[in-house]
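Novice: Quick one: the structure is below, and I'll ask about it shortly.
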């Protein structure tokens, strides 16, 4: 009876306890980062490594930590309407994936109430909140958990495989590098397939094409940056080309979205429009 009563009332997913938990998570992550960077720099000095290269690695890492955070912030806003600020912030600050988090939370909301619009209108209750948090968290933890439990077993085999090479028509290639390239290309093709499928569905609203537009713009930016790096010898751009491509692509989509709303272009289907209106009402904008 107590659990039934607990699951029946509407509660605030952004209470002080959740923000306190978020602050604790951020403190732990920041402390670990600072600790390991200090240990790594001391070890590099002990091995007489080139500190110029170490500084370049640090600057590149900082860039790829800060710039993509802009996109993650956009995803955070997208999740606020259904599960508040604290939980998405915790998830995306640790091992969360923007595409994964939004997809899983949306799927869980639809499973609970039939549609995202219906879920937002009904008001979130504790059991629904726990369900969404579980769906977002458990699957993505399996990757790190697999590494934690099986690293000592498969790492030597992976290292041995990576040290080997295969013959090609252009000479040879390292298997480890080849595997990385295959996985990376596979990931890109996955995003491309997801973006291209919108043409098959013949969507009549411009929002549906944002992923495809961002993908094309980012690819064109990378092409231009590669020309500048190789032809104009802008070697410094090599460390920032991917991050800059992401930001430019997001900026282009943001501009298109702005003018779409301003000029009344077709934006979202009716159900999504209702969900967006409900989300705005929930967060009080």
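FYI, it's all coordinate maths here, none of it is from the lab. Fair warning: this is a prediction, and the values are worked out from it, not measured in the lab. Cβ sites come from the backbone with ideal geometry, for glycine too, and all protein chains shown count toward neighbours.
Novice: Please work out how much length the chain gains when fully extended from residue 28 to residue 251, using 0.36 nm per residue of separation minus the C-alpha to C-alpha distance, in nm with one decimal.
Specialist: So the chain would gain 77.1 nm between residue 28 and residue 251.
Novice: Of the listed peptides 51-58, 125-132, what is their order by residue-averaged count of other C-beta atoms within 10 Å, with the highest listed first?
Specialist: 125-132, 51-58
Novice: Output the peptides 224-237, 37-50 sorted from most to least packed, where packing is the average of other Cβ atoms within 10 Å over each peptide's residues.
Specialist: Working: 224-237: 12.4, 37-50: 10.6.
Top of the packing list down: 224-237, 37-50.
Novice: In nm, to one decimal, how far is the modelled label at residue 194 from the one at residue 122, with both set 7 Å along Cα→Cβ?
Specialist: 2.5 nm
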